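To keep things clear, I will list the structure first and then write my remarks on it.
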Amino acid sequence: MTTPAPDDSGTILPFDATLPSPLEAVPDLRAAARWILAAFGAVGAALIGGGPLVAVGRVHGVADAFGVGIALFVALTGVSIAIWRVSRVLEPPITTPATLATPALRGLREMIDRSPADFFGTAATSVDDLLSHRAVAVNIHRAMLSESDPSRREVWRRHLKRARVNIARAAPLERWLLAMAHVYQIQAALRAARYWCLMGVALVAAGTAGFLIVTGNG
Amino acid sequence: MDDKPQINAVRQLENGDLERFNGEAWEPYLDIEHDPGDWPLGLARGDDRP
């Protein structure tokens, strides 16, 4: 486990210098995706390269040729689906605070909001609470500008200063949260791609079986 | 007509205290405490490997 710790001089190290970034998981996730892509690419190459060679001399008539074509099409569709879905893992998603409100990240939000103290300590009681300070500062600023009473305006100014300090103190946690959301999206894409790969395998198997039936009869 | 404020709306009380609307109720707007012990735990790359 890695936790922020004092250095040799007893000074507390800066937050970002000690907390491991969740982004460190991204290369491993993408490496897994590349392996899957390579595997399905090899299957596709074998089908395209080997299928027609096997079929030569065993296909007699238009009906057989049509059957072989359909079977290859089904098998290659399976390969294409798998490659298309897995390649989405390699696309860099855009992660902003607005992304945290999307259904794709509901699981992450629920996990954090179940035990916010483990993630934010006393800094926030939920994801929304952590992300509230910028909006609060904007609203304070607007209220300050619309205040005509100088004394109340001065109070708004002090509140704005507090909100800005809160923004600064929440910023490292926000960066960590966005990094976690970024990784979570990639992990979810990889998980979904695996299910699509299963479907792709089924299509490849069905296409291959059809191909063997047609060419075997020939 | 629904007069519910927007989330993160702010208001100043007579005594000068600030409140924030959290989506359900008004609550005092508090300062974040700066405690290094609050930082989340985590595993560094390589911690899970021998």
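The values are calculated or read from the model by the stated rules, or taken from the named source; none is laboratory data. What you see is a predicted model; the values in this text were computed from it and never measured. Note that we place each Cβ from the backbone using ideal geometry, even for glycine, and neighbour counts take in every protein chain shown. Keep in mind that these areas ignore ligands, DNA and RNA; they rest on the heavy atoms of the full protein, side chains included. Shrake-Rupley method; radii C 1.70, N 1.55, O 1.52, S 1.80 Å.
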*From B:ASP47, B:ASP2, which residue is at pLDDT below 90 and either surrounded by 13 or more Cβ atoms within 10 Å (Cβ to Cβ) or facing another protein chain (nearest Cβ under 10 Å) (or both)?*
B:ASP47
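Of a type in the set (Asp, Glu), closer than 20 Å to A:ASP129 by Cβ and either touching a residue at least 40 places away in the same chain (Cβ under 8 Å) or open to solvent by less than 60 Å² (accessible area, probe 1.4 Å) (or both): is that true of A:GLU147 in this structure?
Spelling it out, it is not the case that A:GLU147 is of a type in the set (Asp, Glu), closer than 20 Å to A:ASP129 by Cβ and either touching a residue at least 40 places away in the same chain (Cβ under 8 Å) or open to solvent by less than 60 Å² (accessible area, probe 1.4 Å) (or both).
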*Hey, could you check segment A:138-148 for residues that are more than 9 Å from chain B (Cβ to nearest Cβ) and in contact with a helix residue (DSSP H, G or I) (Cβ under 7 Å, 6 or more places away or on another chain) and say which is farthest from A:LEU177 (Cα to Cα)?*
A:MET144
_Test: residue in segment B:5-27 that is open to solvent by 70 Å² or more (accessible area, probe 1.4 Å), modelled with pLDDT under 85 and either in a loop (DSSP other than H, G, I, E, B) or within 30 Å of A:LEU23 (Cβ to Cβ) (or both)_ = no
*Return the residue satisfying two criteria in turn: it lies in segment A:65-98 and is of a type in the set (Val, Ile, Thr), farther than 19 Å from A:ALA193 by Cβ and assigned to a helix (DSSP H, G or I), and of such residues it is most open to solvent (accessible area, probe 1.4 Å).*
A:ILE70
*Please list, ordered by first then second residue, the pairs with beta carbon atoms under 9 Å, 6 or more apart or interchain, first in segment A:39-64 and surrounded by 14 or more Cβ atoms within 10 Å (Cβ to Cβ), second outside any helix (DSSP H, G or I).*
A:ALA55/A:GLY218; A:VAL59/A:GLY218; A:ASP64/A:ARG58; A:ASP64/A:GLY218
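Suppose we keep only residues that are closer than 13 Å to A:LEU177 by Cβ and of a type outside the set (Gly, Ala, Ser) within segment A:101-117. Which one would you say is farthest from the other protein chains (Cβ to nearest Cβ)? Even if it seems obvious, please write down each step before you answer.
The first filter runs over segment A:101-117 and keeps only residues closer than 13 Å to A:LEU177 by Cβ, leaving A:101, A:105, A:108-109, A:111-113, A:116.
Cutting the leftovers down to of a type outside the set (Gly, Ala, Ser) gives us A:105, A:108-109, A:111-113, A:116.
Details: A:LEU105: 17, A:LEU108: 13, A:ARG109: 14, A:MET111: 12, A:ILE112: 10, A:ASP113: 13, A:PRO116: 10 Å.
Here the answer is A:LEU105.
Do you know which of the residues in segment A:155-166 that are of a type in the set (A, V, I, L, M) and open to solvent by less than 60 Å² (accessible area, probe 1.4 Å) is nearest to the other protein chains (Cβ to nearest Cβ)?
Among those residues, the one meeting the criterion is A:VAL155.
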*Selection count where residues are open to solvent by 60 Å² or more (accessible area, probe 1.4 Å), in contact (Cβ under 8 Å) with a residue 60 or more places away in the chain and within 14 Å of chain B (Cβ to nearest Cβ), scope segment A:167-199*: 1
